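S.K.: Shown below is the structure under consideration.
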Amino acid sequence: MDRCVVLVDAGYLLGAAASLLAGEPSRSRILVDHAAVVAGLRERAERETGRPLLRIYWFDGAPDRVPQPEHRRLRVMPRVTVRLGALTRTDGRWAQKGVDAAMHAELSELARNRACSDVVLVTGDGDLLPGMMSAKEHGVAVHLWAVQAADGDYNQSEDLVAEADERRVLDRAWITAAIRARDISGVCAPAGPAPEFGPEFGPEIAAILAAPLPESAPPAGSVPAPPEPPHPARNGSGPAPGPPPHHKGVPTPKDLADLGRPHPAPHHHPVAAATLRWSSEKGWTDRGHEQDSSGLPTLAQLTSAEQRWADREDDITAVSGDPFEVGQVFARRWIARVADPTHRQQLSGHYPRVPHRIDGELLRYAARFGLLAHKDDQIDEQDRYAIRAGFWREFGIRGPAAPAPPD
């Protein structure tokens, strides 16, 4: 058959791209436009081989072989088939199991059945050498593609390189058309000016990211005050909020809880302890008063069965899984579906913290996008703050619908 097939080792492609763009092979350091990757692979394969594409096989690992959101998005794309191996963790490191064996079996089967005339391999694993040799014996031309190495050296098995019929390099220009390094300098740095939440709010999630850490607490004898959420009734009277205080990194819920603990100074007057409304820090969540008193509906309560199906389709096809974007999508749906405008105004009164019930639902929603590296792990701290930052950014763009003042 005069057709071409592309076999992609996703661990190699994305790991090598992360090394090239971010300096380390962790896939969490890059953002991937999978639709653009698939389109780029198809266009280049048809151009290089001179044959129409039959199919792209995407080989990857997943915990318990359960498809992650990126796999669900890929497998509904035209001419794409996803094959999953296991993803296991040993001594704190992740490793794929069964991916190379699955690629070997698929390559041999395609060649034996004469399903194609050309095979493009995007891999560096020398374990695929027997499969490559078998395909060549069945008359299939084997094209081996490499990702440009960060250090300019080989990032493929030399035996694999020597055995290939044709060799090409996916250079930095090709990679950056669909993949970019994740900005980890701060979770709140999207392009464009940061919107404000209206006159009653400060800059975007300022109290989340600018809350002082214990190291920067006031000296002994003074009263350390937790960041004051902007008051919705502010009408121009009183001092305007000042610039956010300097801080070291992003404060954790534990740090904010420490701000409300009694200070060791002898003349200290107790300050009400900070109420943590974040569900992800076990042991630091006050679930009693806040959970029962917020009275805000969850997204699940606001969503019909038809909307739930449409949401799932949208998650698969349109949401990239970037933590900031996940928070924005969740907030956008909640705002659009809540009928009572006082609920939106009530939520704004909780700024900068997300009420416990909604925050727990938000983090469970985010976990569906592969932000949990493993089912027993927690979401990475920076990702948790990025999720909440996206939530408040979207809420700030759309604004709380304040009820009309009484006559």
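S.K.: Which cross-chain or sequence-distant (5 or more) residues have an amide H under 5 Å from the amide H of R182, H modelled 1.01 Å from N in plane?
M.R.: Correct list: I30, L31.
S.K.: I'd like the Karplus ³J(HN,Hα) series for segment 6-15: coefficients 6.51, -1.76, 1.60, θ = phi - 60°, whole numbers in Hz, and an x wherever there's a Gly or Pro.
M.R.: The phi angles translate into 10, 10, 10, 8, 4, x, 5, 4, 7, x Hz.
S.K.: If each residue of separation counts as 0.36 nm, what is the full-extension length gain between V169 and A318 once their alpha-carbon separation is subtracted?
M.R.: Full extension of this stretch gives 50.7 nm more.
S.K.: Just check segment 35-100 against the gyration tensor rule for me: Cα atoms, a ≥ b ≥ c as the square roots of the eigenvalues, rounded for a/c under 1.5, and otherwise prolate or oblate depending on whether a/b exceeds b/c.
M.R.: Details: a/c = 2.87, a/b = 2.17, b/c = 1.32.
Prolate, because a/c is 1.5 or more and a/b exceeds b/c.
S.K.: List every residue whose amide H lies under 5 Å from the amide H of R83, counting only residues 5 or more places away in sequence or on a different chain, with H placed 1.01 Å from N in the peptide plane.
M.R.: W58, F59, D60
S.K.: Which whole-number percent gives the relative contact order of segment 4-181, counting Cα pairs below 8 Å spaced six or more residues apart?
M.R.: Here the relative contact order equals 27 percent.
S.K.: Right, here's the next one. Amide H to amide H under 5 Å from A146: which residues, 5+ apart in sequence or cross-chain, H placed 1.01 Å off N in plane?
M.R.: Here R168, V169, L170 satisfy the definition.
S.K.: Under the Karplus relation 6.51 cos²θ - 1.76 cosθ + 1.60, θ = phi - 60°, what is the ordered set of whole-Hz ³J(HN,Hα) values for segment 164-171, x standing for Gly and Pro?
M.R.: 5, 6, 9, 10, 9, 10, 7, 7
S.K.: Turning to a different aspect of this structure: Karplus couplings for segment 54-62 from phi (6.51 cos²θ - 1.76 cosθ + 1.60, θ = phi - 60°), rounded to Hz, Gly and Pro as x?
M.R.: Result, rounded to whole Hz: 8, 6, 10, 9, 10, 9, 8, x, 8.
S.K.: For segment 106-154, what relative contact order do you get, as a whole percent, if you take Cα pairs closer than 8 Å and at least 6 residues apart? Mind showing how you got there, number by number?
M.R.: Working: 47 pairs, mean separation 22.0, N = 49.
After rounding, I find 45 percent.
S.K.: Please get the size of the charge dipole for segment 4-181, origin at its Cα centre, with Cβ charges of +1 on Lys and Arg and -1 on Asp and Glu, quoted in debye to the nearest 20.
M.R.: So the dipole magnitude of segment 4-181 works out to roughly 820 debye.
Bear in mind these aren't lab numbers, they're just calculated from the coordinates by the rules spelled out. Everything numeric in this text was worked out from a predicted model, so none of it was measured. Positions of Cβ are backbone-derived with ideal geometry, glycine not excepted, and every protein chain shown enters the neighbour counts.
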